[in-house]
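J.: Got a structure for you, written out below as structure tokens; questions coming shortly.
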Amino acid sequence: MLNYLARSNARTGEMSMATKKSTKKPNVSADELKAYYRDMLLIRRFEEKAGQLYGMGLIGGFCHLYIGQEAVVVGLEAAAEDGDKRITSYRDHGHMLACGMDPNGVMAELTGREGGYSKGKGGSMHMFSKEKHFYGGHGIVAAQVPLGAGLAFADKYKENGRVTFTYFGDGAANQGQVYETFNMAALWKLPCIFVIENNQYAMGTSQQRSTSSAEIWERGKAFGIPGEAVDGMDVLAVKAAGETAVAHCRAGKGPYILEIKTYRYRGHSMSDPAKYRTREEVQKMRDERDPIEAVRNMLLQGKHASEEDLKGIDKEIKKIVNDSADFAKDSPEPALDELWTDIYATEIPQEA
Amino acid sequence: MATEILMPALSPTMEEGTLAKWLVKEGDTVNSGDIMAEIETDKATMEFEAVDEGIVGKILIAEGTEGVKVNTPIAVLLEEGESADDIESAKSEPASAPVAADKEQSSETAPAAAMEHPEPQVDTSPDWPEGTTLKQQTVREALRDGMAEEMRRDEDVFVMGEEVAEYQGAYKITQGMLDEFGAKRVIDTPITEHGFAGIGVGAAFGGLKPIVEFMTFNFAMQAIDHIINSAAKTLYMSGGQMGAPMVFRGPNGAAARVGAQHSQDYAAWYMQVPGLKVAMPYSASDYKGLMKTAIRDPNPVIFLENEILYGRSFDVPDLDDYTVPFGKARTWREGDDVTIVSFGIGMSYALEAAEKLAEEGINAEVIDLRTIRPMDTGAIIKSVMKTNRLVTVEEGWPQGSVGNYISSVVMQEAFDYLDAPVINCTGKDVPMPYAANLEKHALVTTAEVIEAVKKVTYR
């Protein structure tokens, strides 16, 4: 009965961001905190710039911005080791920047230029980095979930101790292949962290209107996969949960689910009329729960950084982002010959 | 420096819009993310947010203005300490036109070449050296040997699918493989094609060389998104950084009396997809040699088998490492009167028809394509230049068939050599019926091939 009440409140009540409060504050140094601030700010400024370039017609087609969700990838990357893998959907710019891919190459892919990660042939939704173990960038909702489990399968086969972060949204969580994958990942104990980035809206349909479960991670229980809900606006809470998940996977105990409750400030894509939620709802999130502001306040209040220090970081980020925009504008369009390349490989590229 | 704010494109197709409403006024301070205006696009009314922080120095386009072109300056934003006097110096970030690529497209399909019909270069070397010892083997055994040899050769090769391990294969193709290679490399999956095909593709991204068995290709329709969107397109989408070196295999096409949902030929479907290679062998030696080539290929390969052929025996060369290259057709029978082109089980009708036609004095040349992507069109054209007549044979449906494609290639590249229209013998344009008599008529028949040959040879 209690369960039922809690659930019905969660479904009918205001969106509650306060999920599981981390009981112990993770031990984190001032330098680490500053690094998270910097990495989150890089994503935000990069995405704002991408939105601007889209408005200028330099980026075409679909463009899904990550603004508001920065703490998710930055927190989880803080829990990853070298060689760990990551794969995600089409809202992928943040993941690429967080795992250390070059902003110039990402922005130039957005503008469809030769200097882009896929030589301009992939676009916003399709980028990859062999070097950073970033496996895309997938445009079909939830397709990355079995692909991510397959990457984990390869690591288990090779017994190399690596884990894979498989990101997907609350919308993707209603695709059947997610549960086909949960079943096999649990059966075969794959070292896969399923990261549900629950930003509350599947395109324009709220979780309440699309999803029978109030807590999506609990669906893992049916497959014997443990998991937890995490406050995705708190980078330290995300990092702490990420460490738990990574330790579980690396110990050979199989997959783990993190349902990270986050919020997307911008529309689903650039052409989102935003009629499915109120301006006040978005503004309230920005004002009260912004993940970057939270770390900024922590740094200032704890006297780990001065206003001047943070201004320096802001300035550095602004330069990186402006440089990436310049690079993306100046890089030439791919040569027409590129139309005909990369259709068939003569050797396995990921081994080359 | 003061910056101009430009009319944004707020959808992929927007060229102009209405500036419906300003939510800021001159002198207001804005932060990045603040909503500045409402703009009506061709699709909806959208909110337009500030990207930079600053003070609204001047509003250039009044609210209510319609037909404002994208990239028109609509306002000027000032930085701290600037005044409206600085507006004169405002320079928008130039939306630099894309730099034109300097290389011209390769003229592979230049129209001028269409009417010239040079004789194609064709590899007609024998599949095995003269004097090689041959042994009789079923398609089933040859297929298993091909896979097992490659698994001995390369630790990264593994096979996964429904009933491939303990059951020894639903059609006994993987018989004995669990014993030899163990459960790590011969993996029973749940009945979950979409999921395990995706896991297979992911494992290929991660450096393994999976063989994904579909109990039949009918069930691969549940997984076709991963075959096409994930496996076939990733090399291109990644600019060549990663791909899916793997094999999707299983029986394809009609078996016997299993009805509409279990009897479809997918050759023409997969043949259409750039990024895939498609093999559809007929004989046991080709099953073995092409399977070994497929496993070694760094690209995703669709390997279309046939349940009725599994039990048929053929000569197989007794060699340690017998492979057959992709894109090389095999001529089973030479003749001057007509060319019959087929692949997979279609070859049984083609060969049977050729034999009967020979009794009537019509000598057919019979070509087995073996792989339909890449396709050895050169071998077809070379033969048509000799026989001037062409009949294609397959079990699949007529509209958009493999034969249709061959016809178009021959028309473009050997039009002057044709003495009769090309005839495509195909399965009938119906779902597969269950009743024995109807099923027989739904498939292509030897009699139809004979009739087609007589038509094109005007007998």
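The values are calculated or read from the model by the stated rules, or taken from the named source; none is laboratory data. Source: prediction; values computed, not measured. As a convention, Cβ positions derive from the backbone with ideal geometry for all residues, glycine included, and neighbour counts pool all protein chains shown. Just the protein is used for accessible areas: all its heavy atoms, side chains included, with ligands, DNA and RNA removed. Shrake-Rupley method; radii C 1.70, N 1.55, O 1.52, S 1.80 Å.
J.: Only one of these is away from every other protein chain (no Cβ under 14 Å), in contact (Cβ under 8 Å) with a residue 12 or more places away in the chain and among the acidic types (Asp, Glu): A:GLU48, A:GLU77, A:GLU70. Name it.
T.: A:GLU77
J.: Also: Taking the options A:LEU147, A:LEU97, name whichever one is open to solvent by less than 20 Å² (accessible area, probe 1.4 Å), at the interface with chain B (Cβ under 7 Å from one of its Cβ atoms) and assigned to a helix (DSSP H, G or I).
T.: So the residue among A:LEU147, A:LEU97 that is open to solvent by less than 20 Å² (accessible area, probe 1.4 Å), at the interface with chain B (Cβ under 7 Å from one of its Cβ atoms) and assigned to a helix (DSSP H, G or I) is A:LEU147.
J.: From the list B:GLY327, B:GLY344, exactly one residue is small (Gly, Ala, Ser), more than 22 Å from B:THR132 (Cβ to Cβ) and surrounded by fewer than 21 Cβ atoms within 10 Å (Cβ to Cβ). Which is it?
T.: On the way: B:GLY344 fails: surrounded by fewer than 21 Cβ atoms within 10 Å (Cβ to Cβ).
From the options B:GLY327, B:GLY344, the qualifying one is B:GLY327.
J.: Still on this structure, I have one more. Of the residues that sit in segment B:375-421 and are farther than 20 Å from B:GLU451 by Cβ and free of Cβ contacts under 8 Å to residues at least 24 places away in the same chain, which one is least open to solvent (accessible area, probe 1.4 Å)?
T.: B:SER408
J.: Going residue by residue through segment B:167-184, is there one that turns out to be open to solvent by 10 Å² or more (accessible area, probe 1.4 Å), touching a strand residue (DSSP E or B) at 6+ places or on another chain (Cβ under 7 Å), at negative phi and within 14 Å of chain A (Cβ to nearest Cβ)?
T.: no
J.: What about B:ILE39, is it among the β-branched types (Val, Ile, Thr) and in a strand (DSSP E or B)? Quick ask: steps written out before the conclusion?
T.: On the way: among the β-branched types (Val, Ile, Thr): yes; in a strand (DSSP E or B): yes.
In short, yes.
J.: Hey, B:ARG144 hits all of (1) closer than 24 Å to A:LEU147 by Cα; (2) free of Cβ contacts under 8 Å to residues at least 40 places away in the same chain but one; which does it fall short on?
T.: Every condition holds for B:ARG144 apart from (1).
J.: Now, a different point. On the basis of being closer than 28 Å to A:ALA328 by Cβ, out of contact with any helix residue (DSSP H, G or I) (no Cβ under 7 Å at 6 or more places or on another chain), open to solvent by less than 10 Å² (accessible area, probe 1.4 Å) and touching a residue at least 24 places away in the same chain (Cβ under 8 Å), does A:GLY137 make the cut?
T.: yes
J.: Select from segment B:212-233 the residues that are more than 7 Å from every other protein chain (Cβ to nearest Cβ) and closer than 29 Å to A:MET125 by Cα and list them in ascending order.
T.: Listed by number, the residues that qualify are B:VAL212, B:PHE219, B:ALA220, B:MET221, B:GLN222, B:ALA223, B:ILE224, B:ILE227, B:ILE228, B:ALA231, B:ALA232, B:LYS233.
J.: Same structure, new question: Could you check B:TYR236 against (1) open to solvent by 10 Å² or more (accessible area, probe 1.4 Å); (2) within 14 Å of chain A (Cβ to nearest Cβ); (3) assigned to a loop (DSSP other than H, G, I, E, B) and say which number it fails?
T.: (3)
J.: Of everything in segment A:63-94, what is in a loop (DSSP other than H, G, I, E, B), under 19 Å from A:LYS34 (Cα atoms) and within 9 Å of the chain's Cα centre (by Cα)? Give them in sequence order.
T.: Scanning segment A:63-94 gives a single hit, A:GLN69.
J.: Further, regarding this structure: Would you mind telling me which numbered condition in (1) open to solvent by less than 20 Å² (accessible area, probe 1.4 Å); (2) not in a loop (DSSP other than H, G, I, E, B) A:ASN104 fails?
T.: Result: A:ASN104 passes all but (1).
J.: Return the pair list, or none, for Cβ contacts closer than 6 Å from residues in segment A:245-259 that are of a type in the set (Gly, Ala, Ser) to residues that are surrounded by fewer than 20 Cβ atoms within 10 Å (Cβ to Cβ) and not in a helix (DSSP H, G or I), at least 6 apart or on different chains.
T.: A:GLY254/A:LYS189
J.: Can you say whether A:GLU218 is at pLDDT 95 or above, in contact with a Leu (Cβ under 9 Å, 6 or more places away or on another chain) and more than 11 Å from every other protein chain (Cβ to nearest Cβ), as far as the supplied structure shows?
T.: Answer is no for this residue.
J.: Check segment B:335-343 and report whether any residue there is modelled with pLDDT of 95 or more, assigned to a loop (DSSP other than H, G, I, E, B) and of a type in the set (D, E, K, R).
T.: yes
J.: Something else about it: Show the residue pairs that are 6+ apart or on different chains and have beta-carbon atoms under 8 Å apart, the first residue being within segment A:149-173 and basic (Lys, Arg), the second being assigned to a strand (DSSP E or B) and open to solvent by 10 Å² or more (accessible area, probe 1.4 Å).
T.: A:ARG162/A:LYS85
J.: Condition first: surrounded by fewer than 19 Cβ atoms within 10 Å (Cβ to Cβ) and either at pLDDT below 85 or under 46 Å from the mean Cα position of the chain (by Cα) (or both). Now tell me which residues in segment B:12-34 satisfy that.
T.: Within segment B:12-34, B:PRO12, B:THR13, B:GLU15, B:GLU16, B:THR18, B:ASN31, B:SER32, B:ASP34 qualify.
J.: Select from segment A:43-62 the residues that are among the aliphatic types (A, V, I, L, M) and assigned to a loop (DSSP other than H, G, I, E, B) and list them in ascending order. Steps first, answer last, please.
T.: Here is the first cut: in segment A:43-62, the residues among the aliphatic types (A, V, I, L, M) are A:43, A:50, A:53, A:56, A:58-59.
Selection gives A:MET56, A:LEU58, A:ILE59.
J.: Out of the residues in segment A:283-310 meeting the condition of being acidic (Asp, Glu) and over 16 Å from A:VAL235 (Cα atoms), tell me which one is surrounded by the most Cβ atoms within 10 Å (Cβ to Cβ). It would help to see each step written out before you state the result.
T.: Filtering segment A:283-310 down to residues acidic (Asp, Glu) leaves A:287-288, A:290, A:293, A:307-309.
Imposing the further condition that a residue be over 16 Å from A:VAL235 (Cα atoms) reduces the set to A:287, A:307-309.
Values: A:ASP287: 9, A:GLU307: 10, A:GLU308: 7, A:ASP309: 15.
The residue in question is A:ASP309.
J.: Another question about this same structure. Just the residues that are of a type outside the set (Phe, Trp, Tyr), open to solvent by less than 10 Å² (accessible area, probe 1.4 Å) and part of a loop (DSSP other than H, G, I, E, B), please, taken from segment B:264-290.
T.: Those that are of a type outside the set (Phe, Trp, Tyr), open to solvent by less than 10 Å² (accessible area, probe 1.4 Å) and part of a loop (DSSP other than H, G, I, E, B): B:GLY275, B:LEU276, B:PRO281, B:SER283.
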